[in-house]
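Notes to accompany the following structure.
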Amino acid sequence: DDAFSPTGDPYVKFGLTGTNVKFASTVQSKTIDPVWREIFLQPLPDIPGVPKLSVACFDHDMMGSQAMGTFELDLEDLRDHAVSKKWHSLEGGEGELELLVQWHHNPALVYDPFEPVAAALEDKTPNELCVAVAQGRNLAIKDKELLGSGGTSDPRAVLRVVGGSSVEKDPAYSHTTKSLKKTLNPRWREVYKCQLSAGAEGDAPPVLHCRVEDVDELTSAD
């Protein structure tokens, strides 16, 4: 802050309670009446219950941000798709923050990659494995921030089929998704298919192994 005038460099951090979803506004320099007019489109993680939107205002400083107040918004009240436009008091600080919030249905986020099984095939012996790697949530932080306790990861998923009619070390029975940059809630939406049956008598039953790892360009994945 400027020691000789009542000003600040405010910015806002948002989060969804019960998740590691976080996002933030830009910093508005030297003002106590900031105007952001920024829009954030955030898919809600597929978790039990409805999270709350946590809002925290900070004064940006090179030596460390200072809290200016917080509040929470109950998303349960927004199920009707209506737009909420309200001023919210900053608890533990001074002033208010105006938010416009809408919780709506985005059809582009619905993921259902498999077609229903035809009635004529229901009694047939399965001979193909289909796996849709949809998304991850609340993954571990592997790339930590230099300052603070936050961070992110560059996750990918590695699938491997063993047992049944699978062949060890055959690349057809493994799949690695693309690596998604800087996210703890990745959305891969990749489909993997391989020819697979129960195998001959005495063979081990087929098992799908999945490993999620963080990709690093300088070292091996972890």
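Among the residues making up segment 98-110, a single one is of a type in the set (Val, Ile, Thr) and in contact (Cβ under 8 Å) with a residue 24 or more places away in the chain: Val101.
Scanning segment 75-97 for residues that are on the phi < 0 side of the Ramachandran plot and in contact (Cβ under 8 Å) with a residue 24 or more places away in the chain yields Leu75, Glu76, Leu78, Arg79, His88, Leu90, Gly93, Glu94, Leu97. Report whether or not Pro113 is buried (at least 16 other Cβ atoms within 10 Å of the Cβ) and either in contact with a strand residue (DSSP E or B) (Cβ under 6 Å, 6 or more places away or on another chain) or touching a residue at least 40 places away in the same chain (Cβ under 8 Å) (or both). Criteria not met by Pro113.
Could you please let me know if Gly136 is more than 27 Å from the chain's Cα centre (by Cα), open to solvent by less than 50 Å² (accessible area, probe 1.4 Å) and at pLDDT below 95?
Values: more than 27 Å from the chain's Cα centre (by Cα): no; open to solvent by less than 50 Å² (accessible area, probe 1.4 Å): yes; at pLDDT below 95: yes.
Judged against the criteria, Gly136 is not a match.
Taking the conditions (1) within 30 Å of Ser65 (Cβ to Cβ); (2) at pLDDT below 90; (3) surrounded by 14 or more Cβ atoms within 10 Å (Cβ to Cβ) in turn, Ser165 satisfies each one other than (1). Looking only at residues of segment 32-50 that are open to solvent by less than 100 Å² (accessible area, probe 1.4 Å) and either among the hydrophobic types (A, V, I, L, M, F, W, C) or modelled with pLDDT under 85 (or both), we find that the one that is nearest to the chain's Cα centre (by Cα) is Pro45.
The values are calculated or read from the model by the stated rules, or taken from the named source; none is laboratory data. Because the structure is a prediction, the values reported are computed rather than measured. Every residue, glycine among them, receives a Cβ derived from its backbone with ideal geometry; neighbour counts consider all protein chains shown. Accessible surface is based on the protein model in full, side chains and every heavy atom, while ligands, DNA and RNA are left aside. Shrake-Rupley method; radii C 1.70, N 1.55, O 1.52, S 1.80 Å.
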